[in-house]
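Written below as structure tokens is the structure these notes are about.
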Amino acid sequence: MNFEIVGKLLERTVSLASKLNCDAEILFAEIYRKGLEAMEMAKPVRAKQLPSEETASFIELNWLSMSDDEIAKALGFSHHTVTQYRCNMGLVKRSHSMNVSTHPIEPVAELSEEEKAKIASKPEDSHQILSASLHKPIGMIKSYRLKLAEENIREHGTDESDVIAARKFGLRARDYLGLRRKLHVLRIRGGAKNHPNKKMEPCELGTVEEIRYALTEGGQTVTGIIEAKGLKITRQRAHQIIDDYGLGGITKQRKPLWYAHRLVGLEKTELARNLTDKDWVTKRLAESGGRCALAAKLSVPEWSLGSYLRLRLGLETDLEKSHGEMVELKCSFCKSSFWRPKKLVERDKKLHPNKTNYFHNKICQGKWLGALPKKKGKRKKQS
């Protein structure tokens, strides 16, 4: 077979051959071969399956008045075959709402007073049971029950839990919950007894000074005050009362005595006050032989005592774990007194006989060294 290439096809083939540095005839043969292979590998387009003329005319005349099942029975086909024929013919697929019944639908009458009374008197019956006995749609039964529940919520509020209130109207708890949220009515856990809007005199929590002492020195929390007083209010309501007293943010002003009360107990006031004295704690640590022994003597957890000594009193870790006699020293920078174990001081004197300066922490030592006059002179080159 002879082919003749002319026009733009010839120009494009020659241009591409010049770019690839090959003969135009060889390039055309390669293009033809690849195109032929691509067409052989391509999948054939599936043609739409169309019905015969009689079947198509019957479907076109009756698809609006009859369902696919009815057409399939009349023609002797399956339901899927009729649906496929109808779609291939370009007839729009009908939704459930477009189905046209051969019998007109009679409107459903509203509930009578007797029927409403029966629904209200039998909350234990389900929607299906009442629908069968009254010959009314299930949606109508549920709608009337929701209406009764809405009237109850608007009139009486939320004195009961959602589960108990829903049972009174024959509803599910989640339906009652959704209705309450739709009406923007909130319910606090525990019922009306713990409702934050419950009227209560502020003096029931205590006076201003009592609350201030309890929250800053007495070792009590807001929840502890509520439980100690036996009040039926929420913690949020108690905070509102405290704010009304002008004590907002008082919990951030806690003193070491508050933490000492939390450590040893609210009843041991004298011991708690002694624990706030740094000198008293230092001597007791030396007498008992360290933190572990002191914690056992005070009947408190060792880790709690250690946290209190470090965070509230600022005692050194060596002092907490020290054993034996303690020696009082004076810081050479800030001139404050501090305590060190006698064994450590004597060992330090043996190692450094000419030592005269002592510091109670690294900060003071660094500041003291920084205040010393610097020696003038050139530095030696490092070899």
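If you scan the stretch 261-292, which residues turn out to be in contact with a His (Cβ under 9 Å, 6 or more places away or on another chain), aliphatic (A, V, I, L, M) and either farther than 14 Å from residue 305 by Cβ or not assigned by TED's automatic domain parsing to the domain that holds residue 309 (or both)?
The answer is 286, and nothing else.
May I ask you to list the residues in the stretch 142-178 that are over 22 Å from residue 117 (Cα atoms), in contact (Cβ under 8 Å) with a residue 24 or more places away in the chain and part of a helix (DSSP H, G or I)?
Hit for the stretch 142-178 is 162, nothing else.
Every residue in the stretch 207-247 that is of a type in the set (Gly, Ala, Ser) and touching a helix residue (DSSP H, G or I) at 6+ places or on another chain (Cβ under 7 Å), please.
214, 218, 219, 238
Going residue by residue through the stretch 5-23, is there one that turns out to be outside any helix (DSSP H, G or I), at pLDDT 80 or above and not polar (S, T, N, Q)?
Taking every residue of the stretch 5-23 in turn, at least one turns out to be outside any helix (DSSP H, G or I), at pLDDT 80 or above and not polar (S, T, N, Q).
Among the helices (runs of 4 or more DSSP H) confined wholly to the stretch 295-383, which include 1 or more residues that are surrounded by fewer than 11 Cβ atoms within 10 Å (Cβ to Cβ) and either in the same structural domain as residue 265 (by TED's automatic domain parsing) or modelled with pLDDT of 85 or more (or both)?
Per the criteria, 302-311, 342-351, 362-371.
Checking residue 161 against (1) of a type in the set (S, T, N, Q); (2) loosely packed, with under 14 Cβ neighbours inside 10 Å; (3) modelled with pLDDT under 85, which test does it fail?
Every condition holds for residue 161 apart from (2).
Across the stretch 212-239, which residue is modelled with the lowest pLDDT among those that are more than 19 Å from residue 268 (Cα to Cα), assigned to a helix (DSSP H, G or I) and not basic (Lys, Arg)?
236
Quick one: in the stretch 257-294, which of the residues that are outside any helix (DSSP H, G or I) and out of contact with any Pro (no Cβ under 7 Å at 6 or more places or on another chain) is surrounded by the fewest Cβ atoms within 10 Å (Cβ to Cβ)?
Checking each candidate, the answer is 267.
Cβ-Cβ distance below 7 Å, separation of 6 or more or different chains: which pairs start in the stretch 345-358 with a residue that is closer than 15 Å to residue 330 by Cα and end on one that is of a type in the set (Asp, Glu)?
355/348
The values are calculated or read from the model by the stated rules, or taken from the named source; none is laboratory data. A quick note: this is a predicted structure, and the numbers were derived from the prediction, not measured. With ideal geometry, Cβ positions are generated from the backbone for all residues, glycine too; neighbour counts draw on all protein chains shown.
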